[in-house]
Amino acid sequence: GRDPRRSLVQWSDLDLGRLLLGFGHRQQALAALHEAVRLAQQSEDHVCLAHALLLLAHAHDGIGANVWGQLDPSAAPPHPRAATQTNLLQKCILRSHELGLPELAALAS
């Protein structure tokens, strides 16, 4: 079975990634979000995985958060990884629909 001590670790990595993006620490945020994806896959936490995919798409696009905690597209670097972002967003939308998370699907659209 699953280790109950690890059941929420993927969510803490997701929150850490969101926090790091908010402070503009993109590389550290990417590392935390990749770890959140890995742990969510291991623990079969599909909801966390869908949220992590959305944040990863934004992080790969170079987007950080503004002072209100909202993602700021004006902070994107000059050469965004459009293919990576599109792939992550498509995965996020698909999982969101499968899991009945219309709000997350709308954010990813």
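Take residue 24 and decide whether it is over 19 Å from residue 108 (Cβ atoms) and in contact (Cβ under 8 Å) with a residue 40 or more places away in the chain.
Values: over 19 Å from residue 108 (Cβ atoms): yes; in contact (Cβ under 8 Å) with a residue 40 or more places away in the chain: yes.
Spelling it out, residue 24 is indeed over 19 Å from residue 108 (Cβ atoms) and in contact (Cβ under 8 Å) with a residue 40 or more places away in the chain.
Criterion first (at pLDDT 85 or above and either in contact with a helix residue (DSSP H, G or I) (Cβ under 7 Å, 6 or more places away or on another chain) or open to solvent by 20 Å² or more (accessible area, probe 1.4 Å) (or both)) does residue 3 satisfy it? Full working, then the answer.
Working: at pLDDT 85 or above: no; either in contact with a helix residue (DSSP H, G or I) (Cβ under 7 Å, 6 or more places away or on another chain) or open to solvent by 20 Å² or more (accessible area, probe 1.4 Å) (or both): yes.
No: the conditions fail for residue 3.
For the stretch 10-43, a residue qualifies if it is modelled with pLDDT under 90 and either assigned to a loop (DSSP other than H, G, I, E, B) or in contact with a Phe, Trp or Tyr (Cβ under 9 Å, 6 or more places away or on another chain) (or both), and the qualifying residues are 23, 24, 25. For the stretch 27-42, filtering for residues that are under 15 Å from residue 57 (Cα atoms) and either in contact with an Asp or Glu (Cβ under 8 Å, 6 or more places away or on another chain) or surrounded by 17 or more Cβ atoms within 10 Å (Cβ to Cβ) (or both) leaves 7. Flag: residue 54 does not match the condition of being modelled with pLDDT under 80, surrounded by 14 or more Cβ atoms within 10 Å (Cβ to Cβ), under 19 Å from residue 11 (Cα atoms) and in contact with a helix residue (DSSP H, G or I) (Cβ under 7 Å, 6 or more places away or on another chain).
The values are calculated or read from the model by the stated rules, or taken from the named source; none is laboratory data. Small disclaimer: the values here were computed from a predicted structure and weren't measured. We place every Cβ from the backbone using ideal geometry, glycine too, and count neighbours over all the protein chains shown. Side chains are part of the model used for accessible areas, which takes the heavy atoms of the whole protein and leaves out ligands, DNA and RNA. Shrake-Rupley method; radii C 1.70, N 1.55, O 1.52, S 1.80 Å.
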